[in-house]
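To keep things clear, I will list the structure first and then write my remarks on it.
The values are calculated or read from the model by the stated rules, or taken from the named source; none is laboratory data. On a predicted model such as this, the values are computed, not experimentally measured, just so you know. Glycine gets a Cβ as well: all are built from the backbone with ideal geometry, and neighbour counts include every protein chain shown. Areas reflect the complete protein model, heavy atoms only, side chains present, ligands, DNA and RNA absent. Shrake-Rupley method; radii C 1.70, N 1.55, O 1.52, S 1.80 Å.
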Amino acid sequence: MMKALFHYGKSGADGLQYGEIEQTAPASGEVRVRIKTAGLNHRDLFVPDRHEAEAPAVVLGSDGAGVVDAVGAGVDKLKTGDEVIINPALNWEDNSEAPPKGFEILGVPAHGTFAEYINVPAENAVMKPKHLDWQEAGVLALSAMTAYRALFTRGGLKAGMTVFIPGATGGAGTLLLQFAAAAGASVYVTSRSEEKRRAALALGADKAIDSESDWEEALDGEKVDLVIESVGAATFNQSLDQLRRGGTLVAFGASAGDTVDFNLRKFFYGQYNLLGSTMASGEELREMMDFIAQHDIKPVMDKRYDLSEYDAAFARMENAGMMGKIVFDV
Ligand SMILES: NC(=O)c1ccc[n+]([C@@H]2O[C@H](COP(=O)([O-])OP(=O)(O)OC[C@H]3O[C@@H](n4cnc5c(N)ncnc54)[C@H](OP(=O)(O)O)[C@@H]3O)[C@@H](O)[C@H]2O)c1
């Protein structure tokens, strides 16, 4: 048995339980990792509403880092004692236009990282970057992979371009900002909090504007090459309005609402490109790891909780209290 945060028996958040759950040996082709730290993502807040009360218990969590503790048959690239981070993109190794059939994100339907142990396919355990400590390594994967693909693979970001990132203070947002600044782009961000706007400027943003202000006025009418949208309905139309003609908006999140109305005529006259993005392949994870090592990028760390304090951590994310990533000690 092992300690874990899992969902079972009741719908929604009432079904969340911190307690004992069965622990198994790794199957052929898998490794078992003893998790040291695990990162919280907005996805973990959505999971209790997606997982049915009657379905078997499932451990939450997509991000984690730890030490290989057992190796299944046929695994020769990893050994007991290796320090690894978990790649939560299951069944998506080579980069492609969209994830292949069978792609899933770890942490529902497969057991996730909010547990003392996890079994994953060996290719989903990658060596921990040396410049990151355990907390930083445990929060990296999902947000950083998503930010990397959205900016570079989908958005085609290059040095000298301008990129606009609404809500650049959460887990994905801070990494988007750090990656874009490191790539030599001009980076404009928004936040509703003055304190977080100051922090974004210190992280490398060229402009940090109030999410609740008039963005056109705040940018003096300047239009941008690329917008990365992860806030959703609350900001989508304002985001689209900041694009230059022929510019690109990449969307990968909808924290503040899934459904948007926008003016189609304005859209096609502007010759805009609207692209969806989600997570990233194992190939992009390796590119991203090289990129962060080259630029000495570390994720911005918010608060650290014991896994048993999940309630407080979930509430902090629900209320958008954090700047950067929330981490659990497991
Ligand atoms: N598709 C994928 O593969 C994928 C991967 C990662 C994340 N995501 C999604 O991307 C989104 C961001 O992820 P995250 O982990 O970075 O989430 P997060 O940490 O919760 O960040 C959300 C950010 O959005 C801003 N925000 C929230 N509500 C807002 C509102 N009503 N108006 C303006 N700004 C608002 C907040 O900015 P301020 O508090 O500073 O104003 C906050 O910084 C989530 O929806 C997540 O599910 C998707």
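For segment 303-309, what does the Karplus curve 6.51 cos²θ - 1.76 cosθ + 1.60, with θ = phi - 60°, yield as ³J(HN,Hα) per residue in whole Hz, taken in order and with x for Gly and Pro?
Coupling constants for segment 303-309: 9, 10, 10, 6, 4, 5, 8 Hz.
By average Cβ neighbour count within 10 Å, what is the ranking of 279-287, 93-101, 139-147 from highest down? All intermediate terms of the calculation are to be shown ahead of the outcome.
On the way: 279-287: 20.1, 93-101: 11.1, 139-147: 28.2.
Output ranking for 279-287, 93-101, 139-147: 139-147, 279-287, 93-101.
Checking the table Lys79/Lys101; Lys101/Lys303; Lys77/Lys128; Lys223/Lys266; Lys77/Lys130 against a 24 Å threshold on Cα-Cα, which pairs fail?
Working: Lys79/Lys101 30 Å; Lys101/Lys303 36 Å; Lys77/Lys128 14 Å; Lys223/Lys266 15 Å; Lys77/Lys130 18 Å.
Check vs 24 Å cut-off fails for Lys79/Lys101; Lys101/Lys303.
Relative to the present Cα-Cα distance, how much length would full extension add between Ser28 and Lys77 at 0.36 nm per residue of separation? List each step's numbers first, then the result.
On the way: separation 49, 0.36 × 49 = 17.64 nm, distance 1.34 nm.
Full extension of this stretch gives 16.3 nm more.
Give the calculated FRET efficiency between Gln17 and Phe46 to the nearest 0.05, with a Förster radius of 25 Å applied to their Cβ-Cβ distance.
The calculated FRET efficiency here is 0.90.
For Asn273, what residues show an amide H to amide H distance below 5 Å, using hydrogens built from the backbone and excluding near sequence neighbours?
Gly247, Thr248, Leu249
How would you order 28-35, 156-163 from highest to lowest mean count of nearby Cβ atoms within 10 Å?
Values: 28-35: 20.5, 156-163: 17.5.
Peptide ranking by packing, descending: 28-35, 156-163.
Report ³J(HN,Hα) in whole Hz for each residue of segment 86-91, in order, from the Karplus equation J = 6.51 cos²θ - 1.76 cosθ + 1.60 where θ = phi - 60°; Gly and Pro get x.
8, 8, x, 8, 7, 6
In the neighborhood of Glu284, defined by Cβ-to-Cβ distances under 12 Å, what is the net charge if each Lys or Arg adds +1 and each Asp or Glu adds -1?
Values: positive: Arg149, Arg154, Arg286; negative: Glu93, Asp94, Glu283, Glu287, Asp290.
Net charge around Glu284: -2.
How many angstrom separate the Cα center of segment 128-169 from the Cα center of segment 289-317?
Answer, in whole Å: 13.
Name all residues of segment 162-194 having a backbone nitrogen under 14 Å from the label point set 7 Å from the Cα of Ala202 along its Cα→Cβ direction, giving them as ranges.
Label zone hits: 194.
How far, in nm, would the chain grow between Phe103 and Asn237 when pulled straight, counting 0.36 nm per residue and subtracting the alpha carbon separation? Intermediate values should be presented prior to the final figure.
Working: separation 134, 0.36 × 134 = 48.24 nm, distance 3.04 nm.
Here the segment from Phe103 to Asn237 would lengthen by 45.2 nm.
When Lys and Arg each count +1 and Asp and Glu each count -1, what net charge do the other residues less than 13 Å away from Gly156, Cβ to Cβ, add up to? All intermediate terms of the calculation are to be shown ahead of the outcome.
Details: positive: Arg149, Arg154, Lys158; negative: Asp225.
Residues near Gly156 contribute +2 overall.
For Ala25, what charge total do you get from the other residues with a beta carbon under 14 Å from its beta carbon, if Lys and Arg give +1 and Asp and Glu give -1?
Details: positive: Arg32, Arg34; negative: Glu22, Glu30, Asp69.
Spelling it out: positives minus negatives among the neighbours equals -1.
What accessible area per residue, rounded to a whole number of Å², is obtained for the chain using a probe radius of 1.4 Å? Walk me through the numbers before you get to the answer.
Values: 14360 Å² over 330 residues.
Normalised by residue count, the accessible surface of the chain is 44 Å².
Rounded to the nearest 0.05, what FRET efficiency do Asp290 and Asp220 have when you use their Cβ-Cβ distance and R0 = 30 Å?
Numbers: r = 37 Å, r/R0 = 1.22.
E(calc), rounded to 0.05, equals 0.25.
How big is the dipole moment of the chain about its Cα centre under a simple scheme where the beta carbon of each Lys and Arg is +1, that of each Asp and Glu is -1, and everything else is neutral? Debye, nearest 20, please. The partial results should precede the final answer.
Working: 31 positive and 47 negative charges, 107 e Å.
For the chain, the charge dipole is close to 520 debye.
Using helices alone, I'd like the mean residue ellipticity at 222 nm for the chain: each DSSP H run of four-plus residues gives -39500 (n - 2.57), total over residue count, nearest 500. Please report the intermediate quantities before stating the final value.
Numbers: 9 runs with 84 residues, N = 330.
Per the formula, -7500 deg cm²/dmol.
On the accessible surface of the chain, probed at 1.4 Å, how many percent belong to carbon and sulfur atoms? Walk me through the intermediate numbers first.
On the way: 6650 of 14360 Å².
In the chain, the share of accessible area belonging to carbon and sulfur is 46 percent.
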